[in-house]
Amino acid sequence: MDDADRLRNRTWTAPAPLSGHQLERLAAHAAEHRATPGEILFSAGDASYDFFVVLEGAADIVARLGEPDERLVASYGPAEYLGEIGMLTGERARFDGVMRSPGRVLRVPLERIQTLVAQDPDLSEHILRTFLERRANLLRKGTGLTLIGSRYDERCRALVQLFSANRTGVTWIDLEEQQDAEALLRELRVPVADLPIVLIPGRPVLRNPLPADVAAEFREPPPTPDRGTGACDLLVVGGGPGGLAAAVYGASEGLQTVLVDAAAFGGQAATSSRIENYLGFPAGLSGAELAARGVVQATKFGVRLHRNAHATAFASHGGLHTLTCEDGRSFTARDVIIATGARYRRLDVPGIEAWEGTGVHYSATVAEAGHAAGLPVAVIGGANSAGQAAMFLARTSDPVHLLVRGHDLDHSMSRYLIDAIASNPKIRVRLRTEAVALTADSAITGLEVIDHATDRTSTLPVRAVFVFIGAVPCTDWLDGQLAADAKGFLLTGHDLHTDTTGRRAPFAFETSTPGVFCIGDVRSGSVKRVATAVGEGSAAVRLVFERRRADGADLVHP
């Protein structure tokens, strides 16, 4: 690879170099090392890796080092550093870090850099923003894992959606599209019966894996109970903004806290390209940034984090509550805060299942947007999530059709989004419009819609559809054990209307089972806003202590 190619790779991943003062602060926690050309700093597949800053010379990030298809991902020079957000969130290294020329590097141990990111505002801002930008670019380029399978295979589509939910960069080799796929399978000696397969740098090939098999590659910590009781103090189920807030506040108040999520932390908010109305961020911030900062804070206070922990069962007995996950992990706690949120309802059109994850999406991140770059798309929905998706997709797609079943946006969308959409020439709002069918050959070619104002049917030429309609509470795992409203959202506090003779009335946010609280979108009557969920998360932790006082349970004093 020539110098021009290296420069192109640097421009999309290189931050502004560290300042002299920043280097001095890092050096106080680091060991200086003189490196030789070709020296491996870390390898793909490493369970964790340290933070390296180049002082002299140059270092490369390389995919598939030493293989015929070796590829340069990025190059770094003096005062620049290696890594991306997975370093801080406990993911395995996906690439090799290798010295390209003789030089000197600072090596900061992982635990030290985690502490600095949590305690040094200046370094934290620089490193987090850079790491998040790098992850976004990896997603845009599909760099990282490789998935080989057919779009018509339900198992393959499930993996595509899993990687999207985990915001993991992946190159998908679709057997129906790419002619060299069969040759690659022969080279790997993989029979069709073993498909789909996942290739992870530095790891064995995963053949026809279950989501739990892929999750195991994300280096989950064991659910070890403490305090000699077999139970943690607080279990938070759901890692969106509300769940992250509850975990941070619980741990900071002295509770031994465990946070689990069915996918990556951040929830639906993490798929938002820009949250404009969150207090303290006048320029807005992305949902991924909010989630990453929350994870760093949770780690700082000692929260035990478990991603890809898909809940399947729940039981309460003798003042303890136990959650069981699909992969066999189980967690027991004295108090539980449920923050599992709600998922978007599936679009009710024939044959949509075959296109979910390939042309029909329920989130709009850089990964999904990359597949529709330069192409016309449709966004279905009239709330803030649909508006944010339309604005984000309009950066790379043209036109963006925003289909709204209602008469206007005023009753469902924030004014700042309505004004932004109205001023964007790429977005075409269609009110009182409903999708009724997809048209497709080897890919989606159009969306058939009906205009209820005129009762006319037409076909929009679009290549991807993004769905943000309805809200289905994520409560299947509870199997009806907690009281819920007619739509399945959990009832709490005074909404329970239960006979409290012989027992105390439930606290606000407390469900029909004492010691089990509920916050955020999954709660009946909640306000569907990020700030609301964060506030409820902190308030629920305070109520955990109130509950224990009222019930005479042992207390961990905050």
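The values are calculated or read from the model by the stated rules, or taken from the named source; none is laboratory data. These numbers come from a predicted model, not from an experiment. Note that each Cβ is placed from the backbone with ideal geometry, even for glycine, and that neighbours are counted across all protein chains shown. In case anyone asks, the SASA skips ligands and DNA or RNA and just uses the protein heavy atoms, side chains included. Shrake-Rupley method; radii C 1.70, N 1.55, O 1.52, S 1.80 Å.
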Single match in 516, 522, 527 (criterion: at pLDDT below 95 and closer than 30 Å to residue 297 by Cα): 527
Matching residues in the stretch 105-148 - criterion: being open to solvent by less than 10 Å² (accessible area, probe 1.4 Å), more than 23 Å from the chain's Cα centre (by Cα) and free of Cβ contacts under 8 Å to residues at least 60 places away in the same chain: none
Test: residue 89 is open to solvent by 10 Å² or more (accessible area, probe 1.4 Å), within 18 Å of residue 138 (Cβ to Cβ) and in contact (Cβ under 8 Å) with a residue 24 or more places away in the chain: yes
Residues that are more than 26 Å from the chain's Cα centre (by Cα) and among the hydrophobic types (A, V, I, L, M, F, W, C), drawn from the stretch 445-477: 447, 449, 450, 453, 460, 462
Among residues of the stretch 149-160, those that are in contact with an Asp or Glu (Cβ under 7 Å, 6 or more places away or on another chain) and buried (at least 19 other Cβ atoms within 10 Å of the Cβ), counted: 2
Filter result (free of Cβ contacts under 8 Å to residues at least 24 places away in the same chain and assigned to a loop (DSSP other than H, G, I, E, B)) within the stretch 257-316: 280, 281, 282, 283, 284
Criterion: at pLDDT 95 or above, of a type in the set (Phe, Trp, Tyr) and open to solvent by 10 Å² or more (accessible area, probe 1.4 Å) - qualifying residue of 42, 95, 51: 42
Residue list for the stretch 451-467, filter: open to solvent by less than 30 Å² (accessible area, probe 1.4 Å) and more than 15 Å from residue 369 (Cα to Cα): 460
So residue 67, is it open to solvent by 20 Å² or more (accessible area, probe 1.4 Å) and charged (D, E, K, R): yes
Residues that are under 22 Å from the mean Cα position of the chain (by Cα), within 21 Å of residue 234 (Cα to Cα) and outside any strand (DSSP E or B), drawn from the stretch 487-531: 519, 520, 521, 522
The listed residue being over 22 Å from residue 529 (Cβ atoms) and of a type in the set (A, V, I, L, M, F, W, C), out of 417, 375, 402, 409: 375
Subset of the stretch 325-349 [polar (S, T, N, Q) and modelled with pLDDT under 95]: 330
Extreme residue, nearest to residue 247 (Cα to Cα), among residues of the stretch 263-307 that are open to solvent by less than 20 Å² (accessible area, probe 1.4 Å) and in contact with a Ser or Thr (Cβ under 6 Å, 6 or more places away or on another chain): 303
Tally, over the stretch 323-365, of residues that are at positive phi and either buried (at least 21 other Cβ atoms within 10 Å of the Cβ) or touching a strand residue (DSSP E or B) at 6+ places or on another chain (Cβ under 7 Å) (or both): 3
Which listed residue, of 169, 202, is touching a residue at least 60 places away in the same chain (Cβ under 8 Å) and over 27 Å from residue 373 (Cβ atoms): 202
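For (1) in contact with a helix residue (DSSP H, G or I) (Cβ under 9 Å, 6 or more places away or on another chain); (2) of a type outside the set (Val, Ile, Thr), each residue gets a yes or a no:
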site	(1), (2)
466	yes, yes
470	no, yes
483	yes, yes
487	no, yes
503	no, yes
516	no, no
528	yes, yes
537	yes, yes
544	yes, no
Qualifying residue in the stretch 47-58 (condition: of a type in the set (Gly, Ala, Ser) and part of a strand (DSSP E or B)): no
Test for residue 427: is it within 25 Å of residue 140 (Cα to Cα), in contact (Cβ under 8 Å) with a residue 12 or more places away in the chain and open to solvent by 10 Å² or more (accessible area, probe 1.4 Å): yes
